[in-house]
1. If you check A137, A121, A150, which single one turns out to be assigned by TED's automatic domain parsing to the domain that holds D221, under 16 Å from the mean Cα position of the chain (by Cα) and surrounded by fewer than 21 Cβ atoms within 10 Å (Cβ to Cβ)?
2. Taking only pairs six or more apart or across chains, which ones have beta-carbon atoms under 7 Å, a first residue in the range 195-209 that is of a type outside the set (V, I, T), and a second residue that is loosely packed, with under 14 Cβ neighbours inside 10 Å?
3. Show the residue pairs meeting these rules: Cβ distance below 9 Å; 6+ apart or different chains; first residue within the range 84-109 and within 15 Å of G128 (Cα to Cα); second residue of a type in the set (S, T, N, Q) and outside any strand (DSSP E or B).
4. When you scan the range 153-173, how many residues do you find that are closer than 26 Å to V210 by Cβ, surrounded by fewer than 14 Cβ atoms within 10 Å (Cβ to Cβ) and either of a type outside the set (S, T, N, Q) or touching a Gly at 6+ places or on another chain (Cβ under 9 Å) (or both)?
5. Only residues that are assigned to a strand (DSSP E or B), among the charged types (D, E, K, R) and either in contact with a Cys (Cβ under 7 Å, 6 or more places away or on another chain) or at pLDDT below 95 (or both): list them for the range 70-111, please.
6. Going by the conditions given, is R71 surrounded by fewer than 14 Cβ atoms within 10 Å (Cβ to Cβ), basic (K, R) and assigned by TED's automatic domain parsing to the domain that holds G211?
Amino acid sequence: MKDLFTLLEFAPATAALFFTEEGHFLFIHRDKQTSETVSKYLRTPQVVQAFTDISLDTGYLPEGVVRAGSRRGVPWFARFIPPGRHTLQLVLQERVEPVRVRLPALVFVAFGAADGRGASARICALKGRSFDPGAPAFHAPLPNASGTGAVCWGANDKYPAVPENAAAIWQLYLHTPFNDHHAGGRSKKHPGDVRRTLNERAGLDRPYPVGDLVAMDISVDRFIESATGGG
């Protein structure tokens, strides 16, 4: 058997664990005395015990981040934004106008690595005032998001989707021009163009009417899983 550590160029490595297609675990390590490569199969309880001795700490998560992780090495996070006022850059009659409007609770999910592409994102709305993963997800009453909630970023620079960038990515999203792309089907009052609803509510102190929201027919939990490639 060739030295796998040399083949994989893992110079500092002394052991490796492989997951086989049959669902078994193959443990390969370098014998300290003979320097030979030795392999053996492990049972699930042995692998679990080995990893329980490893301490993990995410540190203090930024405000609003309710979940964070990675899939296939790509980082992601989900941030809850409670109901409140936001300033949007609304494109009206080919002019960008800042509009201060109250929005319902939102869940903003970013997914992507620091590879020059930055983070992609999805957004949905909730009817409640607090985060509930089992609650129904609704389309955010905003344009520039597809039927899955995928955000159209335009030409803006983006950040990798790690929790410490959550506030910066959210602000980047708020500063994008909200134009007529995907403006339909986001408001029951003005089903053709949600910007009309937003413009009418500019400056109002009343909460956004949750009865105006359009259902996505999935739960918030399923929305997050789908946004991060989990199904």
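The values are calculated or read from the model by the stated rules, or taken from the named source; none is laboratory data. All values derive from a computational prediction rather than experimental measurement. Here Cβ is always computed from backbone atoms with ideal geometry, including for glycine, and neighbour counts include all displayed protein chains.
1. Numbers: A137 fails: surrounded by fewer than 21 Cβ atoms within 10 Å (Cβ to Cβ); A121 fails: surrounded by fewer than 21 Cβ atoms within 10 Å (Cβ to Cβ).
Result: A150 is the single residue among A137, A121, A150 that is assigned by TED's automatic domain parsing to the domain that holds D221, under 16 Å from the mean Cα position of the chain (by Cα) and surrounded by fewer than 21 Cβ atoms within 10 Å (Cβ to Cβ).
2. Between residues of the range 195-209 that are of a type outside the set (V, I, T) and residues that are loosely packed, with under 14 Cβ neighbours inside 10 Å, the close pairs are A202/R100; G203/R100.
3. Matching pairs, first to second residue: A105/S130.
4. Residues of the range 153-173 that are closer than 26 Å to V210 by Cβ, as a first pass: 166-167, 169-171, 173.
Applying the additional criterion that residues be surrounded by fewer than 14 Cβ atoms within 10 Å (Cβ to Cβ) yields 171.
Subsequent filtering for residues that are either of a type outside the set (S, T, N, Q) or touching a Gly at 6+ places or on another chain (Cβ under 9 Å) (or both) retains none.
Within the range 153-173, residues that are closer than 26 Å to V210 by Cβ, surrounded by fewer than 14 Cβ atoms within 10 Å (Cβ to Cβ) and either of a type outside the set (S, T, N, Q) or touching a Gly at 6+ places or on another chain (Cβ under 9 Å) (or both) number 0.
5. Initially, the range 70-111 is screened for residues assigned to a strand (DSSP E or B), giving 70-71, 74-81, 84-92, 95-103, 105-111.
If we keep only those that are among the charged types (D, E, K, R) too, we end up with 71, 79, 85, 95, 97, 100, 102.
Answer for the range 70-111, where residues must be assigned to a strand (DSSP E or B), among the charged types (D, E, K, R) and either in contact with a Cys (Cβ under 7 Å, 6 or more places away or on another chain) or at pLDDT below 95 (or both): R71, R95, E97.
6. On the way: surrounded by fewer than 14 Cβ atoms within 10 Å (Cβ to Cβ): yes; basic (K, R): yes; assigned by TED's automatic domain parsing to the domain that holds G211: yes.
Yes: the conditions hold for R71.
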